[in-house]
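Since the structure comes first, as structure tokens, the remarks are kept for the end.
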Amino acid sequence: MKNFKKIFAVLLALTLVVTCFAACGGNKKNSANEIVIGISGPLTGGAAQYGNAVVNAAKLAIEEINAAGGINGINLKLVTADDEGDPGDKAVSAYNSLKDQGMQVFLGTVTTGSCLAVIDKTKADNMFQLTPSASADAVIANDNCFQICFNDSNQGIGSAQYIAENNVATKVAVIYDSSDAYSTGIYNTFKAEATKRNIALVAEQSFTKDSNKDFSAQIQACKTAGADLIFLPIYYQEASLILKAAESASYAPKFFGCDGLDGLLAMNGFDTKLAEGVMLLTPFAADADDAAIQKFVSAYKAKYNNEIPNQFAADAYDGVYIIAELLKANNVTADMSASQICDLLKVGIAADSFSYNGITGAGAALTWDASGAVSKKPMAVVIKDGTYVAL
Amino acid sequence: MGFLSNLINGISLGSIYAVIALGYTMVYGIAKMLNFAHGDVIMIGGYAIYIAASKAGLHPLLAVIIAMGACTILGITIEKIAYKPLRQATSLAVLITAIGVSYFLQNIALVIFGANPVNFTSVVNIPSIKLFDGQVVISGETSAAIVISLLIVIALSLFIKRTKSGKAMLAVSEDKGAAQLMGINVNKTISLTFAIGSALAAVAGALYCSAYPILSNTTGAMPGIKAFTAAVFGGIGSIPGAMIGGILIGVIEILGRAYISSQLADAIVFGVLIIILMVKPTGILGKKINEKV
Amino acid sequence: MKKSSKSIKPNTKKSLITYIMLVVAFVIVQIMLAAGEMSYMMQDLLVPLCVYAILAVSLNLTVGILGELSLGQAGFMCIGAYSGSLFSNLMETAIPEAMIRFPIALLLGGICAAIFGILIGIPVLRLRGDYLAIVTLAFGEIIKNICASIYLGRDANGFHISLKSVTDMNMAADGEMLINGALGINGTPKDSNFIIAFIILFITVVVSYNFVYSRTGRAVMSIRDNRIAAESVGINITKYKLITFALTAFLAGVAGVIYSHNFSTLQASKFDYNMSILVLVFVVLGGIGSIPGSIIAAIALTLIPELLRDTIVGDYRMLFYAIILISMMLFSSNKTFKDKLFGLVSKKKKGEVK
């Protein structure tokens, strides 16, 4: 036993030394003539669909840009890291891993919670950060961080406005995720706006990510309260369980969600009949009649197994092009440090002369101000016969 | 009417916990080990059904039977490779190994089935029952969970009381050494226990995924812990105890969520467990353990 | 358990080796930092590594020295993290100097955790073995769930608290959120750094060695080796169990404070039973009762998955981790496997009678 322990300790210590040395290759200098864009997002775990969509679309955009000559002759390079959608140390680790891979511009993170965990670090590093989909208002508190998606307060207010103006329902219930920054953010602004517009909120139910399987109690509460619409400012997985729980209770209210519901139809094996009539706000509909959107959708489908891109993919695709435009306009070269690039880009993106006409602006050009928020209007779609149809 | 609905939902969830808890309780009773990987066998069972039913297009019942077979083999294999070599080791070493097996199953599922969760098609095809003018609805999944768990408890109790292998299990759980002296093949009996527990896990997987149709590599973790709590609650080692414990935990969880706070529901479940153990340290139906000097 | 009883003997040489090992590791890290030879990821892992090492060493007191299985380490860490962060956020303007504020936060977090340790210990320590494990796990989950449902805010009218939602607090619009339910505490000042974390780890090791070799420590070990015999010679079982349990909780609380002051966001959901299990794995793999073992295992097992991130096994890193864990347990606890391993390492050990 004694000897075994010794050998064991030596083995452990050896592993330690080896791994330490493996880790020491850090602070790599970017030798090739490339500008490195980093993405961190959930590539595994519950929100993996979003992270993978963002990475896929960014890859596509970068290939297109490089094929068309890159940034004044310099190619773009993509590096990615998995943060598992964690709002704590895994998000920080993923960001550090990107820095170790030589990242110069940060297109991330994908989920709101992870983003809040790294904004102080990107600020300290003076790293230009453009998030495709982290929508909390607090995400853009620092001057180096900008959003492509519309923010939570817009979504909450937009949803309440839409419900009130179109008389969608009279008694409204909410089910939200109290452990998620995105979900609580929308819930709070929705509630404030709904009270202003005299929408009756008859039930307010919540869940956390530890108890996101059984929704029978919440659905029962909404049913007892007689709600004819349930507002779901949550992600699609829980939404699919809520739809199922409502069906089991023979309860058929209207459902209204935000951009987190996007992805519902793309779930493996999901019975799309359950989602029939679900309304949601999204900046992007894959079936829109726009030439740029159709070009993107067909390229994405061709590259990724006929998968239809969701709005996260669209936001990321726009994001890469926005960064590319900014890099070109500011004559960024590969040997510049992240901080130098950030100083140029954060002024460049907020300048009056800069706007970008992409696939998520519903025809209008996107502009930014120094606060970091994007000018963008949410648009409502409904699920009909298994696809999104603009309302 | 809302209360009745919540109660029925609680019993339904509790019945599923009960089926999982049976696996825990049997293995603990005989091998005296906390099989932390049991929850993950449920997840594997769920995937097996998903592949057989949704991908290969087999009849749901046939798919469940295939999954039971797959889980039985898996259970026996885990026991042979990971637990059997540790029969003489401290219980702590076995516990850590079980945790390792749990990590292994979760991550092998991640590698094989990918990170995106799949939507599970219900294997239950029973129409729902509507009472009081549709105010209380008992879904097909609910009726199936309650009936099947009851059947399993009765069958298992009979098996242990009436059959030779069942009696052998009882003997091994009482005293391993003495059972061996009586000519009982202890290793075979333990393997049989793992086989039954794992087959039940497949059934639990079918019921759980039908009721909550999202299947990912971590699906089994939380119900596993809850069912483990249920087994301790009812008195670990006792089969009717697992049933009672499971249903109580399910009902407390759902009622707590409906009437107190959805965020504190789990805290209430664990709080009740602690109170029970303070009053009756071996659970509701547990046997008193005599201390040897 | 008996096998580790050789550590009963006061062994200053052994503790000296541990201290030297720690100092050498510290110096190497400092040299690497100064030379700029450490990756960003490693730099940010230094504090969590110290935190996990402290957790493992402190749990070792309960599991290795007292011989009781506790799965509530994450709960104590949670209490320390929350109370420490709350204190720092409240006192950030009153005590602007981090060098004064942070030690108070550390002490406060530790004391809060120790109080909970005693409160929990009084009822649960009469249970034993697997039942104690499940009850400590349950307490950890309760602490986590309660922490995750507290909404606490402060405005001109004083403090507002709610267990339901932000709007139920009736706080003025300009109020400041201190604890935001399941979203936790934001904006904790980043007071921890590697040097402080290392000093605390060093103190933890000193305290642990002195505890083990003290009169109290010997009494605790006698309870572990034979409870009834210990009782018969007049050792107060409850008292010594509570002392050990409270010390473990105190150190875990301190570790929680370091952890929470290292990240700008803190959620209670981080401190779930998986964290407790993780720490238990460190203790068991490092060798039950062995303090340097706990430290080495904590560091190695935290680093392995992070460093495999960028290698070919990247996506399979946790699978490798699981396989390493199982095989280490099999090789360390099974005699046949062990003999085979020794057969490879040294032939002459074969004939030795254990």
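Overview of results
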| read-out | value |
| --- | --- |
| Residue within the stretch C:66-74 that is farther than 19 Å from C:Gly140 by Cβ, more than 13 Å from chain A (Cβ to nearest Cβ), within 20 Å of the chain's Cα centre (by Cα) and not in a helix (DSSP H, G or I) present | yes |
| Unique match (being part of a helix (DSSP H, G or I), modelled with pLDDT of 90 or more and either within 14 Å of chain C (Cβ to nearest Cβ) or touching a Lys or Arg at 6+ places or on another chain (Cβ under 9 Å) (or both)) among A:Lys59, A:Lys6 | A:Lys59 |
| Residue check for A:Ala136: modelled with pLDDT under 90 and in contact with an Asp or Glu (Cβ under 6 Å, 6 or more places away or on another chain) | yes |
| Residues within the stretch A:368-387 that are free of Cβ contacts under 8 Å to residues at least 24 places away in the same chain and of a type outside the set (Asp, Glu), tallied | 1 |
| Check on C:Lys241, basic (Lys, Arg) and surrounded by 17 or more Cβ atoms within 10 Å (Cβ to Cβ) | yes |
| Unique residue being assigned by TED's automatic domain parsing to the domain that holds A:Leu243, at pLDDT 90 or above and over 26 Å from A:Val110 (Cα atoms) when the list is A:Ile199, A:Ile219, A:Ile175, A:Ile163 | A:Ile219 |
| Strands (runs of 3 or more DSSP E) contained in the stretch C:84-195 and holding at least 3 residues away from every other protein chain (no Cβ under 14 Å) | C:151-155, C:158-162 |
| Pairs, first facing another protein chain (nearest Cβ under 10 Å) and of a type in the set (Ser, Thr, Tyr) in the stretch B:1-17, second surrounded by fewer than 22 Cβ atoms within 10 Å (Cβ to Cβ) and not in a helix (DSSP H, G or I), C-beta under 7 Å, six or more apart | B:Ser5/B:Val136 |
| Residue count, the stretch A:64-109 (criterion: within 11 Å of chain C (Cβ to nearest Cβ), touching a residue at least 60 places away in the same chain (Cβ under 8 Å), closer than 25 Å to A:Gly260 by Cβ and polar (S, T, N, Q)) | 0 |
| Lone qualifier among C:Ala229, C:Ala268, C:Ala219 - being within 18 Å of C:Met77 (Cβ to Cβ) and aliphatic (A, V, I, L, M) | C:Ala268 |
| Which numbered condition A:Phe207 misses (of (1) closer than 30 Å to B:Val251 by Cβ; (2) surrounded by fewer than 18 Cβ atoms within 10 Å (Cβ to Cβ); (3) not acidic (Asp, Glu)) | (2) |
| Where A:Ser211 falls short, out of the listed (1) within 14 Å of chain C (Cβ to nearest Cβ); (2) at pLDDT below 85; (3) under 19 Å from the mean Cα position of the chain (by Cα) | (3) |
| Residue among B:Ala70, B:Ala56 that alone is away from chain C (no Cβ under 14 Å), surrounded by fewer than 22 Cβ atoms within 10 Å (Cβ to Cβ) and closer than 20 Å to C:Leu319 by Cβ | B:Ala70 |
| Residue satisfying all of: in the stretch C:318-340; modelled with pLDDT under 75 and at the interface with chain B (Cβ under 9 Å from one of its Cβ atoms); surrounded by the most Cβ atoms within 10 Å (Cβ to Cβ) among these | C:Asn334 |
| Residues being farther than 24 Å from B:Gln263 by Cβ, within 14 Å of chain A (Cβ to nearest Cβ) and part of a helix (DSSP H, G or I) - total across the stretch C:256-277 | 1 |
| Qualifying positions in the stretch B:103-137 - within 8 Å of another protein chain (Cβ to nearest Cβ), among the small types (Gly, Ala, Ser) and touching a helix residue (DSSP H, G or I) at 6+ places or on another chain (Cβ under 6 Å) | B:Ala115, B:Ser128 |
| Candidates B:Ser238, B:Ser216, B:Ser210 - the one that is among the hydroxyl-bearing types (Ser, Thr, Tyr) and over 21 Å from B:Ile51 (Cβ atoms) | B:Ser238 |
| Count of residues meeting criterion [of a type in the set (Val, Ile, Thr) and either over 22 Å from B:Leu13 (Cβ atoms) or part of a strand (DSSP E or B) (or both)] in the stretch A:194-219 | 3 |
| Residue in the stretch A:214-229 that is nearest to the other protein chains (Cβ to nearest Cβ), counting only those that are of a type outside the set (Phe, Trp, Tyr) and closer than 13 Å to A:Glu247 by Cβ | A:Ser216 |
| Those residues of the stretch A:230-270 which are more than 22 Å from A:Met379 (Cα to Cα) and more than 7 Å from chain B (Cβ to nearest Cβ), in sequence order | A:Glu238, A:Ile242, A:Leu243, A:Ala245, A:Ala246, A:Glu247, A:Tyr251, A:Ala252 |
| Selection status of B:Phe228, hydrophobic (A, V, I, L, M, F, W, C) and farther than 30 Å from B:Leu61 by Cβ | no |
| Within the stretch B:230-277, tally of residues that are in contact (Cβ under 8 Å) with a residue 12 or more places away in the chain and facing another protein chain (nearest Cβ under 7 Å) | 8 |
| Condition met for B:Gly39 (within 14 Å of chain C (Cβ to nearest Cβ), within 21 Å of B:Ala221 (Cα to Cα), buried (at least 23 other Cβ atoms within 10 Å of the Cβ) and of a type outside the set (A, V, I, L, M)) | yes |
| The stretch C:178-196: number of residues that are farther than 20 Å from A:Lys121 by Cα and crowded, with 22+ Cβ neighbours inside 10 Å | 3 |
| Tally of residues being buried (at least 19 other Cβ atoms within 10 Å of the Cβ) and in a strand (DSSP E or B) across the stretch B:106-138 | 5 |
| Residues that are touching a strand residue (DSSP E or B) at 6+ places or on another chain (Cβ under 9 Å) and of a type in the set (Gly, Ala, Ser), drawn from the stretch A:281-313 | A:Ala285, A:Ala286, A:Ala288 |
| All positions within the stretch A:355-386 that are at pLDDT below 80 and either part of a strand (DSSP E or B) or touching a helix residue (DSSP H, G or I) at 6+ places or on another chain (Cβ under 9 Å) (or both) | A:Gly361, A:Lys376, A:Lys377, A:Pro378, A:Met379, A:Gly386 |
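Conditions (1) of a type outside the set (A, V, I, L, M); (2) in contact with a Gly (Cβ under 7 Å, 6 or more places away or on another chain), marked per residue:
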position	(1), (2)
A:Ile37	no, no
A:Gly51	yes, yes
A:Ile65	no, no
A:Gly69	yes, no
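Residues are listed down the side, and each one gets a yes or a no for (1) surrounded by fewer than 22 Cβ atoms within 10 Å (Cβ to Cβ); (2) of a type in the set (Lys, Arg); (3) in a strand (DSSP E or B):
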site	(1), (2), (3)
A:Ala221	no, no, no
A:Phe231	no, no, yes
A:Ala266	yes, no, no
A:Leu281	no, no, yes
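The values are calculated or read from the model by the stated rules, or taken from the named source; none is laboratory data. Just so it is clear, the model here is predicted, and its values are computed rather than measured. Neighbour counts run over all protein chains shown; Cβ positions are idealised from the backbone, glycine included.
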